[in-house]
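*Asks:* There's a structure below that I have some questions on.
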Amino acid sequence: MPDRAQKVSVQVRVNGKLHSRVVEPRCLLLEFLREDLELTGTHIGCDTTYCGACTVLMNGAAVKSCTVFAVQADGAEITTVEGLERDGELHPIQKAFGDCYGLQCGYCTPGLMLSALQLLKDNLSPNQKQIRWEYLPVHRLSEHFQSD
Ligand code: FES
């Protein structure tokens, strides 16, 4: 078992660019992205793995980066909100959020966009129930309180 203070080398490809860093084993992927790589588009909301504001794609699958250690992402390919646009052009999901006023305060929007990408990868025509129950945990919480 490694000493808590012992640092570990990680190599992670983020938005197509390979990054090598030495991190503490307890370093979260969220911290790695925001603090080591200065990719601050990934936000921390609840810190209890519920809100999804910190969602990124890891090897093409949506993960909450507050529940993944940076060492677990060693060798992985990560996509953050900064990696969505191409050559100055918004990704269609970014454009759709803007066109449909899906931004609200904007704090969790990056996580929502990446969750939506995962949703559409799995199901191109999701119904409202699938969207609410399978991909947007915040709605599950609000519906829980409305039903009480
Ligand atoms: S910060 Fe809320 S799920 Fe990660």
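*Asks:* Between a residue in region 127-140 that is within 17 Å of Ala53 (Cβ to Cβ) and crowded, with 16+ Cβ neighbours inside 10 Å and any residue that is aliphatic (A, V, I, L, M) and modelled with pLDDT under 55, which pairs come within a Cβ distance under 8 Å, given they are 6 or more apart or on different chains?
*Replies:* Taking only residues 6 or more apart or on different chains, not a single pair turns up.
*Asks:* Going by what's in this entry, would Glu77 be described as more than 16 Å from the ligand (Cβ to nearest atom), within 12 Å of the chain's Cα centre (by Cα) and either closer than 24 Å to Asp122 by Cα or β-branched (Val, Ile, Thr) (or both)? Step through it out loud before you land on a result.
*Replies:* Values: more than 16 Å from the ligand (Cβ to nearest atom): yes; within 12 Å of the chain's Cα centre (by Cα): no; either closer than 24 Å to Asp122 by Cα or β-branched (Val, Ile, Thr) (or both): yes.
For Glu77, the condition - more than 16 Å from the ligand (Cβ to nearest atom), within 12 Å of the chain's Cα centre (by Cα) and either closer than 24 Å to Asp122 by Cα or β-branched (Val, Ile, Thr) (or both) - is not met.
*Asks:* Scan region 18-73 for residues that are more than 25 Å from Leu119 (Cβ to Cβ), within 15 Å of the ligand (Cβ to nearest atom) and free of Cβ contacts under 8 Å to residues at least 24 places away in the same chain and jot them down.
*Replies:* Hit for region 18-73 is Glu35, nothing else.
The values are calculated or read from the model by the stated rules, or taken from the named source; none is laboratory data. Keep in mind that this is a model prediction, so the values were computed, not measured. Note that each Cβ is placed from the backbone with ideal geometry, even for glycine, and that neighbours are counted across all protein chains shown.
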